[in-house]
Structure formats: structure tokens, C-alpha cells
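One structure below.
Every read-out reported here was derived from the displayed coordinates using simple, explicitly stated rules and does not represent laboratory data. All figures in this text were calculated on a predicted structure; none of them were measured in a lab. Glycine also receives a Cβ, built like all others from the backbone with ideal geometry; neighbour counts cover every protein chain displayed.
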Amino acid sequence: MNPWVEAARPRTLVAGVVPVLVGTSAADRFFFGRLIAALIVAIAIQVGVNYANDYFDALKGVDRPDRIGPRRATATGLISPARMRAGIAACIGVAVVAGLYLSALAGWHLVAVGALCFAALLGYSGGARPYGASGLGEVFVFLFFGVVATTGSAYVQSEHLQVTALAASVPVGALATAILVVNNLRDIGTDKRAGKLTLAARIGPHHTQRLYVLLVAAAFVSLTVIALVAGSIAPLAAWASLPLALKASRLVGARNDAGVIAALGATARLQLVFGTLLAAGLWIS
């Protein structure tokens, strides 16, 4: 696989796509061009986060030879640090261009939101006190890949805040956070040895597994609230993804590395199917 594609972690990109689909479907107006621009922003930021994490973890010695999971491009020498920095800058540049287009259409105050997103992109692994190593990664993922991305995608369409989009951001954020939880569960051992104290490293594997189940359960429970706010039962179609949720939860509960690694892909598929069904239900309602 191309090292740039590998470093982008394709399985995690659904965390950027799903909030745009759900938020756009919750809006009371629709502009195709704005949807495409929002997708470009979301995907560019997600790839930028993954590149930045790859770069900063290599710089700080987090990615060691005994690391479980896919190889890291910077740590293994597939991509030099200088080229990875250029890749991060390119992602931010693409997001800036698409974001300015949306700001020109929906309001220049969106520039401030974009600036916060870029700060979050770099702050997860970078800087003297990265929030990902302080146990706050899950909070930021829920906020930025849930609340901000979903309500923001609805806002650029309708140009006003919508309660339905806010309600829909809860399960979107919960499942995006679940992806991070699985990732950090897999890396507990190497993160601890490198002094990277993620939430999973702080609370241990057992409580991390319970947190995962809680996040997935919260996503399904919140569908009832969304249906009430939307005034339609159509959003409840996302319950059809329950078998995927049960499979992913079983994998997370496995006491072996192979199960946890497989759980990452299973969780990404869950979010994609759940999000697509929720978006379809919101569009119908």
C-alpha cells in the first residue's frame, strides 16, 4: 500500500464523512456544492490528524518496534519527518481553501470555528502538553467529530443552528469516540512505556472496554431522542446496524490482540452503516 494512503488510516476516515452526511441530512435546505466542500474539509482534517499523530508520535518515541497494529510511516522511515510535515501542511491548506469557500457562502464567523479545528488537529499529539496524552482525546473527538462537525455541516446548508442536527451529533460523536477508544485500547502497552497517558492507559483495558460498550449503547439509545425531535420514526432505521454493534463489542471484549485489531475495522463499519441509515432517516423525515 502507498505509505501516504497507509498513514492516512483509511478505516478511520468514516469519522470525518459520517458527521457531514448526517448534518447535511438534518438541514432544512440542501446545496450540493456545500456538501462537497464540507466533505473536503472533514476528510482533509481527518487525514491531517492522522498524519500529525504519525509525525509527533515518531518524534517523541511513542511508536516503538513492539507496537501492535499497522506500521507507522514516519517511525519506520517510509516517509521522512520533513515530508510528513509537508503532508500535514497540505491537508490544512486543502481544508482552508474549502473552508473559506463555505465561509464566503454561510458566514465569515465560520473562520473562527475552522481555526479551533486546526488547533485541535495539531494539539492532539503535538506541543508540550498534547491533550491526547492527557486523557482528553475522547472529549475532543466527541466535540469536534461529533457536535462541531455535525451541527456545522447542517449550518453551512441552512445558515442557522438546528436542534435536530445537535441531537444527531450525539450518536455520531459517540461512535467516532468509540473508534479512538479501540485504537487506544490496542496501544495501551506501548503508550504507557512511552509515557503517553491516554485515557485508556489511565483507566486500564477492562474499564476501556466498558467505556466502549457505553459509547455504542449511548448511540442507539439517543436515536429515540432524535426521532422525537425530528417528529418522525425514520431515524430509528439506524437500529438496523445493531448486529454490527454486537459484533464489534464482542471483538473489543476479546482477550487477544487480534480481536482488538479487528474491532477497529468493525467499529468503522458500524459508524458508516449507522451514520448512513441515520442520514437517510433524517432526509426522509
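For the reader, a short list of remarks on this structure follows.
- Two-decimal Rg to Rh for the chain - Kirkwood Rh, Cα set: 0.96
- Protection proxy ranking of 229-239, 125-135, 173-183 - average other beta-carbon atoms within 10 Å, highest first: 173-183, 229-239, 125-135
- Contact order for the chain, expressed relative to its length and based on alpha carbon pairs under 8 Å spaced 6+ residues apart, stands at 24 percent.
- For the range 1-58, chymotrypsin sites (Phe, Trp or Tyr not before Pro) meeting the loop criterion (DSSP other than H, G, I, E, B) and having at most 13 other Cβ atoms within 10 Å: F30.
- Exposed loop sites here are trypsin sites (Lys or Arg not before Pro) assigned a DSSP state other than H, G, I, E or B and surrounded by at most 16 other beta carbons within 10 Å; excluding them, the longest clear run of the chain is 72-254.
- Computed E for S232/E159 - FRET, C-beta separation, R0 25 angstrom, nearest 0.05: 0.65
- Taking only the C-alpha atoms of the range 150-285, Rg followed by Dmax gives 16.2, 50 Å.
- Cβ-Cβ FRET estimate between V221 and A119, R0 fixed at 41 Å, reported to 0.05: 0.80
- Phi-based couplings in Hz for the range 109-115 (Karplus 6.51, -1.76, 1.60; Gly and Pro marked x): 5, 5, 4, 5, 5, x, 4
- One chain, two ends: S80 and A112. Fully extended at 0.36 nm per residue, the span grows by 8.3 nm beyond their Cα-Cα distance.
- Listed values for the range 93-103 are Karplus-derived 3J(HN,Hα) couplings in whole Hz (6.51 cos²θ - 1.76 cosθ + 1.60, θ = phi - 60°), namely x, 4, 5, 5, 4, 5, x, 5, 4, 5, 5, and x replaces Gly and Pro.
- The packing ranking of peptides 105-116, 156-167, highest mean first, is 156-167, 105-116, where packing means the average number of other beta carbon atoms within 10 angstrom of each residue.
- Pairwise centroid distance, computed over Cα atoms, of the range 172-234 with the range 110-168, Å: 16 Å
- The range 67-151: relative contact order as a whole-number percent, Cα under 8 Å and 6+ apart: 12 percent
- Rounded to whole numbers, the Karplus 3J(HN,Hα) couplings from phi for the range 247-253 are 5, 4, 5, 5, 5, 5, x Hz, using 6.51 cos²θ - 1.76 cosθ + 1.60 with θ = phi - 60°, and x at Gly and Pro.
- Here the sum of -39500 (n - 2.57) over DSSP H runs of 4 or more residues, divided by the residues of the chain, equals -24000 deg cm²/dmol at 222 nm, to the nearest 500.
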